[in-house]
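Enquirer: Here it is, the structure, as structure tokens.
The values are calculated or read from the model by the stated rules, or taken from the named source; none is laboratory data. Nothing here was measured: the structure is a model prediction, and the numbers come from that model. Methodologically, a virtual Cβ is constructed for each residue, glycine included, from the backbone with ideal geometry; neighbour enumeration extends over all protein chains shown. Protein only, heavy atoms only, side chains kept; ligands, DNA and RNA dropped before computing areas. Shrake-Rupley method; radii C 1.70, N 1.55, O 1.52, S 1.80 Å.
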Amino acid sequence: MPRSDIEFKTSDGVTLRGWLYTPTTETKDPLPCLVMSHGFSALKEMDLDTFAERFASHLPLTCLVYDNRGFGDSDHKPGSPRQEIIPSIQTSDISDAITYAQSRDEIDAKKIGIWGSSYSGGHVLWVGAVDRRVKAVLCQVPCVNGWENFHRLIRPDFVPGLNEMFQAGKKLRPC
């Protein structure tokens with residue numbers, strides 16, 4: 001299974017890194033691409049690689065897998081912390097990954113699908129609704145209501161303290 005290291009810049013100049021999987025059988029024509037992003041704090045090595053390898057070895061398509069900004073091999077914006085999760089930025093990064101995929105000769109720019117797992121499962125639903133370049137959306141166990149999930153997972157007596165921490169973190173961020 002051919003896999004190559006890739007990197008691309010986001011619209012705000014952050015370098016994201018990942019892998020491009022291509023089928024073992026070569027074709028003359030460009031192939032569809034499935035852009036794959038991971039959930040909350042996961043890395044590309046946490047089974048996205050397994051899915052991409054399986055898809056590219058059994059289907060005539062390429063798979064672009066990358067780490068979200070600030071995670072794994074991807075950079076973060078100077079002045080911002082690593083491992084920060086901001087849905088609007090991550091959805092923008094998915095669109096930037098699509099732009100990068102469309103720039104590759106081996107990819108059919110008109111046949112782009114997106115895959116999201118867990119937290120990014122909700123993100124791809126949003127990107128698929130607003131980015132007209134997307135022709136297929138696959139979401140695996142999507143998080144579609146973070147507020148509800150938060151309250152389901154956190155003990156009620158911990159919620160006020162966590163909300164205070166969130167607010168304190170916002171005050172530390174540059175505008």
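Enquirer: Just checking, does segment 151-174 include any residue being under 15 Å from G39 (Cα atoms), open to solvent by 80 Å² or more (accessible area, probe 1.4 Å) and of a type in the set (A, V, I, L, M, F, W, C)?
Expert: no
Enquirer: Only one residue in A109, A101 is open to solvent by less than 70 Å² (accessible area, probe 1.4 Å), out of contact with any Gly (no Cβ under 9 Å at 6 or more places or on another chain) and in a strand (DSSP E or B), so which one is that?
Expert: The match here is A109.
Enquirer: Return only the number of the condition from (1) farther than 12 Å from L16 by Cβ; (2) in contact (Cβ under 8 Å) with a residue 12 or more places away in the chain; (3) assigned to a loop (DSSP other than H, G, I, E, B) that P81 does not satisfy.
Expert: Of the numbered conditions (1) farther than 12 Å from L16 by Cβ; (2) in contact (Cβ under 8 Å) with a residue 12 or more places away in the chain; (3) assigned to a loop (DSSP other than H, G, I, E, B), the odd one out for P81 is (2).
Enquirer: Just to verify a result, which residue in segment 41-89, among those that are at pLDDT 90 or above and among the small types (G, A, S), is surrounded by the fewest Cβ atoms within 10 Å (Cβ to Cβ)?
Expert: S88
Enquirer: Conditions: (1) surrounded by 21 or more Cβ atoms within 10 Å (Cβ to Cβ); (2) assigned to a helix (DSSP H, G or I); (3) under 12 Å from the mean Cα position of the chain (by Cα); (4) among the aliphatic types (A, V, I, L, M). I114 meets all but one. Number of the miss?
Expert: Unmet condition: (2).
Enquirer: For residues that are out of contact with any Gly (no Cβ under 6 Å at 6 or more places or on another chain), assigned to a loop (DSSP other than H, G, I, E, B) and free of Cβ contacts under 8 Å to residues at least 24 places away in the same chain, scanning just segment 119-150, find the one that is nearest to Q83 (Cα to Cα).
Expert: N145
Enquirer: Could you look through segment 151-175, keep only residues that are under 26 Å from the mean Cα position of the chain (by Cα) and outside any helix (DSSP H, G or I), and pick out the one that is modelled with the lowest pLDDT?
Expert: C175
Enquirer: Condition check: assigned to a helix (DSSP H, G or I), within 23 Å of W126 (Cβ to Cβ) and open to solvent by 20 Å² or more (accessible area, probe 1.4 Å). Does S95 satisfy that?
Expert: It is true that S95 is assigned to a helix (DSSP H, G or I), within 23 Å of W126 (Cβ to Cβ) and open to solvent by 20 Å² or more (accessible area, probe 1.4 Å).
Enquirer: While we're looking at this one, here's another question. Return the residue satisfying two criteria in turn: it lies in segment 1-40 and is in a strand (DSSP E or B) and basic (K, R), and of such residues it is surrounded by the fewest Cβ atoms within 10 Å (Cβ to Cβ).
Expert: Per the stated criteria, the residue is K9.
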